[in-house]
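Participant: Below is a structure I'd like to ask you about.
The values are calculated or read from the model by the stated rules, or taken from the named source; none is laboratory data. All figures in this text were calculated on a predicted structure; none of them were measured in a lab. All Cβ positions, even for glycine, are placed from backbone atoms using ideal geometry, and neighbour counts span all protein chains on display.
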Amino acid sequence: MRVEDLSPEARRRLQALQDLGRDDRDDFSDRPSGRAPARPGARKRKDPDRDDLVDVDDGVRLQKVMAEAGVGSRRYCEELIGEGRVEVDGQIVRRFGAKVDPERQVIRVDGKRIPSRQGVVYLALNKPARVLTAMSDDSDRKTIADLLGDRTERLYHVGRLDYDTEGLLLLTNDGELANRLAHPRYEVLKTYTAEVPGPVTRDVMRKLTEGVELEDGPAAADSFRVLQESGRRALVEITLHEGRNRIVRRMLDAVGHPVSRLVRTTIGPVKLGSLRPGTTRDLTTKEIGELYAAVGL
């Protein structure tokens with residue numbers, strides 16, 4: 001149909017549509033992908049779906065590294081990447097196909113580092129009493145190595161427990177993490193439960209938290225509480241960040257409550273829980289990330 005054959009009303013509507021089309025072209029003809037033109041002197045906006053991370057030659061896809069570290073399925077890891085919750089070497093990465101070097105680059109999810117290196121082991125061990133915190137012993141005493149079965153990794157124990165003390169030990173071949181966890185400057189808290197003579201008075205609690213004098217200097221508990229009292233026996237909980245030899249036993253002895261049984265129940269974020277004596281378990285990705293955070297890694 002020709003324009004001249006249209007009714008006057010139809011011609012007016014057609015003209016209005018043509019005018020609107022010209023206005024749209026005037027506004028958007030120079031816009032890439034329909035975006036508004038930049039103001040003079042304005043910075044060019046960075047594409048939120050891109051980043052400056054350079055892919056590593058022969059690297060591994062980021063979501064695969066995350067999945068193998070125990071973060072979750074690859075699909076879940078892709079969701080985390082898309083939500084901007086993943087960093088590589090301090091830079092947020094949103095590309096699912098980004099290739100990284102898990103041996104050298106630091107990867108964080110929600111600000112917490114994940115264990116991305118291959119072959120690195122992180123274990124919790126429930127050490128029984130009368131087991132030596134060592135990998136071998138000239139006197140043929142039982143050691144923690146006897147509890148590890150046929151593991152071939154060279155593992156470091158984090159801190160020590162004396163021969164008669166039970167409970168949580170951490171074992172890893174991540175030397176940097178082990179050294180930092182054992183160093184007093186990072187003040188990683190450790191909690192113990194102790195069986196002692198009762199009753200335990202408020203004055204004892206005050207002395208322990210304010211500090212008692214030992215032969216190698218003063219020592220104070222970060223916290224102390226009575227868990228249970230029954231007749232002349234009491235179960236107490238003591239938390240401290242120091243790691244001097246037999247310090248819990250010496251502190252409680254100094255206030256007149258010698259220890260008959262001592263169990264370490266936590267190291268930083270890691271809890272002994274229901275782990276059976278003489279057995280181990282792998283730390284969770286969350287626990288490892290929190291240990292990294294506790295020592296600034």
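Participant: Which of (1) closer than 23 Å to residue 277 by Cβ; (2) surrounded by fewer than 17 Cβ atoms within 10 Å (Cβ to Cβ) is the odd one out, the single condition residue 193 does not satisfy?
Facilitator: Of (1) closer than 23 Å to residue 277 by Cβ; (2) surrounded by fewer than 17 Cβ atoms within 10 Å (Cβ to Cβ), only one is false for residue 193: (2).
Participant: Also: So in region 215-233, with the set limited to residues that are assigned to a strand (DSSP E or B) and either of a type in the set (S, T, N, Q) or touching a Ser or Thr at 6+ places or on another chain (Cβ under 6 Å) (or both), which one is surrounded by the most Cβ atoms within 10 Å (Cβ to Cβ)? Walk me through it before giving the result.
Facilitator: Within region 215-233, the subset assigned to a strand (DSSP E or B) is 217-219, 223-230, 233.
With the extra rule that they be either of a type in the set (S, T, N, Q) or touching a Ser or Thr at 6+ places or on another chain (Cβ under 6 Å) (or both), the set shrinks to 223-224, 228, 230.
Details: 223: 13, 224: 21, 228: 12, 230: 8.
Per the stated criteria, the residue is 224.
Participant: Just to verify a result, which residue in region 118-130, among those that are touching a Pro at 6+ places or on another chain (Cβ under 9 Å) and surrounded by 15 or more Cβ atoms within 10 Å (Cβ to Cβ), is farthest from residue 283 (Cα to Cα)? Spell out how you get there, then give the answer.
Facilitator: Applying the first criterion (touching a Pro at 6+ places or on another chain (Cβ under 9 Å)) to region 118-130 yields 118, 122, 126-129.
So of that shortlist, the ones also surrounded by 15 or more Cβ atoms within 10 Å (Cβ to Cβ) come out as 122, 126-129.
Details: 122: 6, 126: 13, 127: 16, 128: 19, 129: 22 Å.
By that ranking, first place goes to 129.
Participant: Now for a separate question. If residue 265 satisfies all but one of (1) closer than 19 Å to residue 189 by Cβ; (2) at pLDDT below 95; (3) within 27 Å of the chain's Cα centre (by Cα), what's the number of the condition it fails?
Facilitator: (2)
Participant: Quick one: would you say residue 236 is under 30 Å from residue 110 (Cα atoms), surrounded by 14 or more Cβ atoms within 10 Å (Cβ to Cβ) and either among the hydrophobic types (A, V, I, L, M, F, W, C) or without any contact (Cβ under 8 Å) to a residue 24 or more places away in the chain (or both)? I'd like the intermediate steps shown before the answer.
Facilitator: On the way: under 30 Å from residue 110 (Cα atoms): no; surrounded by 14 or more Cβ atoms within 10 Å (Cβ to Cβ): yes; either among the hydrophobic types (A, V, I, L, M, F, W, C) or without any contact (Cβ under 8 Å) to a residue 24 or more places away in the chain (or both): yes.
Criteria not met by residue 236.
Participant: Which one of 278, 289, 296 is part of a helix (DSSP H, G or I), touching a Lys or Arg at 6+ places or on another chain (Cβ under 9 Å) and not hydroxyl-bearing (Ser, Thr, Tyr)?
Facilitator: Working: 278 fails: part of a helix (DSSP H, G or I); 296 fails: part of a helix (DSSP H, G or I).
Only one candidate qualifies: 289.
Participant: Can you name every residue in region 152-169 that is closer than 17 Å to residue 278 by Cβ, within 24 Å of the chain's Cα centre (by Cα) and assigned to a strand (DSSP E or B)?
Facilitator: Matches in region 152-169: 157, 167, 168, 169.
Participant: Out of 87, 78, 103, report the one residue that is at pLDDT 90 or above, assigned to a loop (DSSP other than H, G, I, E, B) and among the acidic types (Asp, Glu).
Facilitator: The match here is 103.
Participant: Here are 263, 270, 295: which of them is more than 20 Å from residue 180 (Cβ to Cβ), surrounded by 15 or more Cβ atoms within 10 Å (Cβ to Cβ) and in contact (Cβ under 8 Å) with a residue 24 or more places away in the chain? Outline the logic, then answer.
Facilitator: Values: 270 fails: more than 20 Å from residue 180 (Cβ to Cβ); 295 fails: more than 20 Å from residue 180 (Cβ to Cβ).
Just one listed residue meets the conditions, 263.
Participant: For residue 249, all conditions in the list (1) touching a strand residue (DSSP E or B) at 6+ places or on another chain (Cβ under 7 Å); (2) more than 26 Å from residue 122 (Cβ to Cβ); (3) outside any helix (DSSP H, G or I) hold save one; what is the number of the exception?
Facilitator: Result: residue 249 fails condition (3) only.
Participant: While we're here: Going by the structure shown, is residue 191 of a type in the set (Ser, Thr, Tyr) and without any contact (Cβ under 8 Å) to a residue 24 or more places away in the chain? Give the derivation first.
Facilitator: Numbers: of a type in the set (Ser, Thr, Tyr): yes; without any contact (Cβ under 8 Å) to a residue 24 or more places away in the chain: no.
In short, no.
Participant: Would you tally the residues in region 105-138 being charged (D, E, K, R) and farther than 30 Å from residue 54 by Cβ? So that I can check it myself, show each step before the final result.
Facilitator: First, the residues of region 105-138 that are charged (D, E, K, R): 108, 110, 112-113, 117, 127, 130, 137-138.
Now restrict to residues that are farther than 30 Å from residue 54 by Cβ: 127, 130, 137-138.
So the count comes out to 4.
Participant: Any residue at all in region 218-226 that is in contact with a Gly (Cβ under 6 Å, 6 or more places away or on another chain) and under 21 Å from residue 187 (Cβ atoms)? Please lay out each step first, then the result.
Facilitator: Step one: list which residues in region 218-226 are in contact with a Gly (Cβ under 6 Å, 6 or more places away or on another chain), which gives 218, 220.
Checking the rest, the ones that are also under 21 Å from residue 187 (Cβ atoms) come to 218, 220.
Taking every residue of region 218-226 in turn, at least one turns out to be in contact with a Gly (Cβ under 6 Å, 6 or more places away or on another chain) and under 21 Å from residue 187 (Cβ atoms).
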